Amino acid sequence: MKRRTFLAGTGAAAATAVIGSPIALAQRAPNELIWADQLPGNLDPHALFDVPMQGYMVNVYDTLYIYEGNPPKLAPWLASGHTVSDDGLTWTFKLNDGVKFHDDSPLTAEDVVWSFQRLLSIKKGAASAFLPVLDPANVTAPDKSTVVFKLKHSYVPFLSAIPLVAIVNRRVLEPNVKDNDWGQAWLSSHSAGSGVYVLDPETYRPVQQLDLKRNPGHFKGWGHNPQPVEVVRRRNILETTTRINALIKGEIDATDSYLPTDQVERVMKSKTATVSQDESMRVMVLRMNNKKAPLDNVHYRQALSHAFNYKGFISGVLKDYAVRNAGPIPANLWGAPKDLPPYDYNLDKAKELVAKAKAEGAPVDRPIEIHIQQHLAQTTQAAQILQQDLRRIGVTLNIVPNLWPQLVSSTAKPETTPDMWVHWVSTYFVDPENWIGQMYDSSFHGTWKASCWYKNDKVDTLLREARRHSDQAKRTALYEEASRIVVAEAADIWIYNTIELRGLSNRVKGFQFTPVGSGANFRIISLTG
Amino acid sequence: MTRFVLRRLLLALPALFGLLVLTFIMLRVLPHDPSAALAGENATPEQIAAVRKAYGFDEPIWKQFVIYVGQVARADLGNSIISNRPVASDIAWRLPATIELTFASLLFAALVGIPLGTMAAVWHNSPFDHAMRIVTVGGLAIASFWFAIILQIVFSMDLGWLPLRSRYPEGMPPPTAITGLYLVDSLITLRFDQFAAAFKHIVMPAFTLSLGGLASIARFTRAGVLETMQKDFVHYAEAAGYARKRIIWVYVLRNSVVAATTQIGLLFGALISSAVAVEAIFDWPGVGSYAVSAILTSDYKAVLAVTLVVGLIYAVVNIIVDVVHAMLDPRVAENL
Amino acid sequence: MKGKNQAPVLEIRDLSVSVGTDEGEARILDNAGLALMPGSIHGVVGESGCGKSTLIRAILGILPKRGRATAGSIMLGERNLLDLPADALQQDVRGRAIGFIPQDPFQALNPVFRVGTQLLENIRTPGDRKATRDAKKTHVISLLKAVQLPDAEHALDRYPHQFSGGQRQRLLIAAALAAAPGIILADEPTTALDVTTQLQILKLLRGLAIERGLSMLFVTHDFGVVAQLCDTVTVMYAGQTVESGPVAQVLKAPFHPYTQMLLACHPERAEELAGIPGAVPSPLRPPMGCRFNPRCPHARPACSAGQPPRVTPNPGHAVRCVLHLDEAAA
Amino acid sequence: MLILKKFLRDIPAVLGLLIISAVCFIAAFAPVIVPDADAVYFGNIINRLQPPSAEYWFGTDNLGRDVFARVIVGTRGALTVALTVVTLAIAIGVPAGLYAGYSNGWGSEIIMRVTDVFLAVPQLILALAIAQLMGRGLESAMAALALTYWPFFCRTVYGEVRRVRNALFVEALQGLGASTSRILFVHVLPNVASPIIVRATIGMGFTILTTAVLGFLGIGAAPPSPDWGLAIAESREYLPESWWAVTFPGLAILVTVLGFNLFGDGLRDLVDPRLRRSR
C-alpha cells in the first residue's frame, strides 16, 4: 500500500513538473524573429512571382531598384541611377561598387546580365512583364558597372518592373545546372543572392519553414538599425486560428497580412500583440467572363454590379478594414479617376437592367457559376453575399469551391474560364499597368489577370499608348479615360482596395509596410525584449 | 517464426502491387495530360513534348508502369509540382513526426482503453459499462478538427498549460537524431528537458488523435474480455484457486489484448486519416499537414505520393502487428 | 484404513442453490447432501444437467453471478464453506485444501501462456508460502514425474497446444496436487478423452489417491467409471441426491427407482435396452416433492406432497424415496 | 421477443436508437421546424455573429444566417450523404462479395485482390486522393467515399458467404436445381443480412464524420450549403468570441454520429455470435 501511494505521489509530481513548468512558453531568444507568413512554393526568384516570393526575395536578393514606403516609391539600390534614351528604348543602369554576394564574390554587371537572361530564358514568373519588350540578347554589360537594356519598343513601366528581378550569383548557380535548366532544380531549395539575409538551406522544408541569418557584410551596411534581427525563422502555419492564437500567446512575432477582420480587436486587446493596418494596393475583383452569355451583355454585367452589397460587405463583414474601390486601379495610385462614382447597391436598378438584358436576348435565366478560392474565407463570403442578392432579382448563382492553380490554368481559354471568379490583384509593380494595363488589354488574354476576356479596341489603344508615354500627366489622363470606359461597361465587379492587417508582437519595432512584399522587409525591423 | 514472417510478407505482396497499380492509374490516367501539368503554366508545346519524352510518357503503358515501379523501388516519387523538389525527401523529413504522433496516440489509447474496456466487461451491463461505452463511442464520434480547436482554446489559450502548436519549441536544439522520434531520442540521450519540451507539445495532438482509437480499443477489449471470461480455462483458474484480480488482469486481459492487437493495425489507418486535419490545426510538421498543403496547392504528385507512402506504412504496420500477434499467441504462427 | 466411525472430511447437508435467469429463479440444487469420508473415492453420478457441476461450484464457492445457496451447509472439517468470505475461499480452500481437476483438458489451459507460467503462477509448495521460483519449479517437475508425464523437465517451457489430451489432463492433475490438498474434486476428468487414455488416467488417479491418502469426489455420468474407481457413490437426479451408499451395494441392489432405471440403461448391464420415459424437468418449474415422480412408474400421491426424508434401509446405504419409507414403516 | 428484451437492456444502444429516431424526425420535419427556408441561406449581414438569443437560438453566423436553421436543415444533407454513400457501397460491395464468396474462379480472386488494395490504404487518404483527381464538390466526395467503402461490405459478405456456402441447405438447393443467383439472393443473402446491417449502421456514422472532415478540408459540400463540416470550417476563424457558430454544428455531428455508433454497437452485440453467450 505504502509503495503504491509513493508511486502515485511521484507520478503526480512528475506530471506536474512536465505540465506545469513554464518551459517553452513565450520564452524566446532575444534576437530571433518568428515570422509566420506564407512561404513561396519554391525559392527560385525567377520561377515564381507572387506575394510570398516577394517577401522572401526582398530579404535574400538585391535588385537594381527597390520600392520603399507607402505609397511605394522607387529608389535606387544596386544601381546608383539610370538614364533613358529619348526614344525610350535604351535604358542604362550604373551599378554601385563593392557589392558582394553571400559567397564574398563581387556582384558585377555580368551578373545582372546573366540574371535577366536566365529570367527571360526560363520564361516563368516575372518574365511575362519583360518578354514582350526585351530579348535576352539585348541585355548587355559594356563594363563591370554598367548594364544596358535595349527594348523592342517603348515601355514606360519598365522601370517599375525592374524591382521584380533578383540578381543571382552566376558562379554559385552554374555548377548546379542540370539538363540546361539554368539551375532551377537547385535554386528551388537554395539561395544565390547578395541580400540582407542569408538562407540556411539546412532548415528549408518546402511550404513549412526556413531560417534566415543576417548578412553582416551587406553593401548597404547596418548603420540604420542598431538592434538588427539576427535570425528570422519563417514558419508557415496552415491554420488561421492557430496562427492568430500563437501570436496572442507570444509563440510567434508576426502573422500574414490578411488577418480576419473579426480577429483584429481580439489581437489589439491582447497585451502581447498589435495589428498594423496599412492601406495597400490590392484590389478585390469579382471577375466576369465577358465572352460567355449572358455575361457578354453589358446590361447584365451592370445589373450584377448593382446587385452587390458593397457597404454590407465592407462595413459589416470587413468592419471597414477596406476601402471601396470604384475601378480596377487602386484609388490611392495615380491613374485612378478620383471623381469616378462607384457602382451602388441598388436592386431595383439591377432588376431593370436584367429586364433590359433579357429584352436584348440575353439568356438571363441561365444559372451562372462563381468560383471561389476555398481556403480564402473572404472569397466565399463575397460570393455568398452576391448570391443572396441575385436571388432577389431572379438570378441563380452557384458557388464552386476551387483553388488558385486550377483557376489559373482554366483561364487560358474563354470556354474553360468560369462565368465568374473571385481574386485580388496585388502589387507586383507599382504602375497602373499592373492593374488596368494587364487586366483589360486584349493582348493579355489567356493570362489570369485578363480572365474577363474584355475586348474594346478603344481601351486597347489607350492602354498601349499609355505604355509608350514617359510623361506621367499624359499617362494619367490615358489611364483615367480607360478606367471610365471599363467601369461604364462593367467589365468586372471591383469591390475594394485592401487595408492589410498584419498581426505583430509587441517585440517587433520598426515595421514599415510597403505594398510590394507586404512589409516583410527584415532589414529595418528590430526586436525589443 | 522466420517462416511465418516470410509467408506473411509474401501475402502482403499482391496488395502492395495493387497499390502501385492504383496510384499509377491515378497518376497517369486521370489528370488529363501529366506532362502539361509538369511543364508548367506557360509551357510551349515543345516544352511539353520534351517533358513527355523525359518522363517516358510516350512509351507504351506497360513500360511506363515498369518505369514507375522502378522509380518507387529507388524511393523516387517524382518532384513536387510546387516546390520542384523530390517528394520523397519532403515526406521522409516529415515521417518521424507523424509516426511519433500516431504511436503516442496509439499508446495512450491502449493504456486508457484496455483498462476501461476490461472494467466495462467485468461490470458488464452496469451503469459504469453504459457510461464507459457512451463516453468512448462519443470519442469516436467527435469531429477531431473541431475538438482540436476547442482543446487549443481551453488548454493553451485560457489555461496556458500547453503550447499551442508545433512539435518542439522554436530555437531550442532538437534531440540528437537517433530514431527521429523526439520523445525516444531525448530519453536515450537522457535529456529530460528536451523530453519535457517534446512531451508538452505532443499532449494535445496525441490526445485528440487517440480519441477514436481509444473507443475501438476499449470496445474490443470489452468484447474480448467478455468472450474470454466464458472460456473454460477461466473457470478452471477460478476453481483452482487463482486470485480473481489476477485472473482478470493477467489471464483474461492477456488473451483479450492478444485479440485486440489485430485491431491495432486497422486503428493505425484511422489515426493516420485523422492526423491529416489534426496536424494541420496543431501545425504539426508531419505527413498529414503536408497532405493538406498539397491539396491546397493541387500538388497531385505529392498527394499521390502521400497515398502510396501511407499505404506502404500501413502494410508494414499490419505485418508487424501480425508478427507480434503470432508471438503473443503461438497458435497463430502454426496456422498460417 | 477406512474407519467407520470417522467423521467425513467434506459433508454437504441439505444444500439448495438457486440461479437467477431471465425467466425467473432456477432451483438447481434442492436439498442435496453427501459425505466424503477420509481416504475414500466418492462418486457423484447423474445425467447431464442434474446439478453435478453446480454442486462442485458450490463447494469451491464459484457459483455463477446470479447464483446463491439458499439453504444448507458445506462442511469442510469444522468450517462451513458457505460462511467463508470470498478471499478466504480463494486463499485457503481453492487449490489449497481442495484440489480441482476440470472436465475438459483441451479448454482448461490458457492457450497464450506457457504451461510453466500457468502452473507456477498459482502454486504454493506445501508449507512454504514464499517459495522461490526455482523451488516451485523443482516441485512442479517432481509432480509432473509423479503423474508420469513424459519429458517432464521440458514440459514447462511448452505451450498447451503442444500436448495431447491425455498429457494435458496429467498436467492438470499435477496442478491439482501441487499444494498437497487433502481433497480432490474431479469434474468428469475423463469425459473428453478417448477410451484408452481414459483408462490410464483412471488408473493414475486411483494410484495417486492411495499413495497420497487423498479423499476424492469424482463426478461422472458414467456408472462404469464409478464401478471401476469409487468406494462410495451418490446418485443425483434433477438437483436432488436420491441415493447414496457403497458402490457394490448400490450397483447390486439399488433402492431408488431412478437408480434402478439408470442402471438398466447401461448397455453392459441391461438385458434389453430400456429408456426412461419422459424428460428431465426444468429447474425453473420443478415438480413438487420428489422430482422424479412424473416419470416414476411407482409414483403415488405422497410423492408430490414433499421430498421424502432420508432413510437408511441398509447400514451406509441411504435413499430418499417413499417406497422405502413404507418399507421402513412396515 | 427475447432479442428485443435483450436489446432494451442495452441502454447505450437504446439511447443510440432514440438519437437516430430524433435525427430522422428532425430531417423529415425540417421544413416544419424551420418554416422559413430563406433563413437557411440568407441572412442579414448587419446581424452577423449574434450570440444565441430568443430569436436566434444558436446565434447567427458570419453572414448573419440563423445557425439553428442551418443545423436543422443540415441534418437532411448529412443523412442524405451518409445514406447515398452507404447505399452505393452496398450496391457495389454486396454483389461483389456474394459473387466472390460463392464462386471459386479467377473472378473471385480478382475481386478479393482489388478489395485488398482498397483496404490497404486508410479510407480518408484514398478518398482524398480520388476526390483530388475527380475535381471538387459534394458529388465527387460522395463518389470517393463510396468507392473506398464498398470493400468493407465486400469483405464482410465474402466471409459470411464462405461460411454459409458449405452449409447443407445450399447443397440441397443445388440438388433441387435452383439457379445460382436464386440461391445467392433468396437464400444466402438473408443469412448475411445482419452483418451487413451492422456495417451499414456504423458506416452511416462513419460517413457523416468523414464527410465533415472532407468538408473541413474543402473537398465536399460547397457554400452556401448548410453542411456541418463546412459550417465549422467557415466559422472557425471567429473562435473563441463567436463560439456558437462552430459549437452547434460540431455538437450536431457528435450527437448524430454517436447515435449511429451506439446503435450499431448494440446491433453488433445482438447479432455477433461471439458475444451472444455473454451473460
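The values are calculated or read from the model by the stated rules, or taken from the named source; none is laboratory data. In this text the structure is predicted, and so the values were computed from the model without any measurement. Here the Cβ is made from the backbone with ideal geometry for all residues, glycine too, and neighbour counts use every protein chain on show. Remember, those area values only see protein heavy atoms, side chains included, never the ligands or the DNA or RNA. Shrake-Rupley method; radii C 1.70, N 1.55, O 1.52, S 1.80 Å.
Data overview
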item: Debye, to nearest 20: dipole size of chain D, +1 on Lys, Arg Cβ, -1 on Asp, Glu Cβ; result: 1240 debye
item: Debye intensity ratio I(q)/I(0), log10, chain C, q values 0.11 Å⁻¹ (C-alpha model); result: -0.73
item: Surrounding net charge for D:Val188, when Lys and Arg each add one and Asp and Glu each subtract one, Cβ distance under 12 Å; result: +3
item: For the range B:87-335, accessible area per residue (1.4 Å probe, heavy atoms of protein chains only), Å²; result: 32 Å²
item: Relative pair counts by distance (%), Cα atoms of the range A:356-459, 10 Å bins; result: 14, 37, 37, 11, 0
item: Residue order for A:Ser410, A:Ser305 - accessible surface, 1.4 angstrom probe, largest first; result: A:Ser410, A:Ser305
item: Percent of Cα pairs exceeding the 28 Å cut-off, where the set is chain D; result: 46 percent
item: Projected area averaged over orientations for chain B, convex hull of C-alpha atoms, nm²; result: 22.0 nm²
item: Chains B and C together, accessible area buried on both sides, 1.4 angstrom probe, square angstrom; result: 2200 Å²
item: Cβ-derived FRET efficiency at R0 25 Å, A:Glu68 paired with A:Asp143, nearest 0.05; result: 0.35
item: Charge dipole (debye, nearest 20) of the protein assembly as shown; +1 at Cβ of Lys and Arg, -1 at Cβ of Asp and Glu; result: 3440 debye
item: Largest-first ordering by accessible area, 1.4 Å probe, given options C:Ile28, D:Ile33; result: D:Ile33, C:Ile28
item: Nitroxide proxy distance, nm - points 7 Å out along Cα→Cβ at A:Ser470 and B:Phe17; result: 7.3 nm
item: By accessible area with a 1.4 Å probe, ligands and nucleic acids excluded, highest first: order of A:Leu286, B:Leu159; result: B:Leu159, A:Leu286
item: Interface burial for A against B (accessible surface, 1.4 Å probe, total of both chains, Å², rounded to 100); result: 3500 Å²
item: Descending semi-axes in whole angstrom, ellipsoid equivalent of the range A:62-184, from the Cα gyration tensor; result: 22, 18, 14
item: Partner chain coverage, peptide B:215-223 - average Cβ within 10 angstrom; result: 2
item: Distance in nm between pseudo-label sites at C:Thr70 and B:Arg3 (7 Å out along the Cβ direction from Cα); result: 5.8 nm
item: For the range A:279-499, accessible area per residue (1.4 Å probe, heavy atoms of protein chains only), Å²; result: 34 Å²
item: Electrostatic dipole magnitude of chain C [Cβ: Lys, Arg +1; Asp, Glu -1; Cα centre; debye, to 20]; result: 660 debye
item: Summed buried accessible area for B+D [probe radius 1.4 Å, Å², rounded to 100]; result: 4400 Å²
item: Surface/4 of the Cα convex hull for the range A:279-499, nm²; result: 11.0 nm²
item: Surface accessible to a 1.4 Å probe, A:Lys319 within the full protein complex, Å²; result: 80 Å²
item: Stokes-Einstein D for the protein assembly as shown, Kirkwood Rh over Cα pairs, 25 °C, 0.890 mPa s (µm²/s); result: 65 µm²/s
item: Cα Rg, Dmax, the range B:210-336, angstrom units; result: 19.6, 66
item: The range D:19-134 - Rg over Rh from alpha carbon coordinates, Kirkwood radius; result: 1.21
item: Accessible area (Å², 1.4 Å probe, nearest 10) - A:Lys349; result: 90 Å²
item: Residue-count net charge about C:Asn110 - beta-carbon cut-off 9 Å; Lys, Arg +1, Asp, Glu -1; result: +2
item: Pairwise FRET efficiency - B:Arg254 versus C:Glu25, Cβ, R0 = 45 Å, nearest 0.05; result: 0.80
item: Helix B:45-54 axis, angle to chain B major axis (alpha carbon atoms, nearest 10°); result: 50 degrees
item: For the range B:296-314 versus the range D:227-254, the gap between their alpha-carbon centres in whole angstrom; result: 29 Å
item: Whole-percent carbon and sulfur share, accessible surface of the protein assembly as shown, 1.4 Å; result: 60 percent
item: Residues of the range A:242-258 with amide N under 18 Å of a point placed 7 Å along Cα→Cβ from A:Asn506; result: A:245-255
item: Exposure of A:Asp97 as accessible area (Å², to 10), given a probe of 1.4 Å and all protein chains; result: 130 Å²
item: Hypothetical label at B:Met172: residues of the range A:31-55 whose amide nitrogen lies under 19 Å (7 Å Cα-Cβ projection); result: A:31-35
item: Alpha-carbon spread of chain A, three principal axes, descending order, Å; result: 90, 76, 43
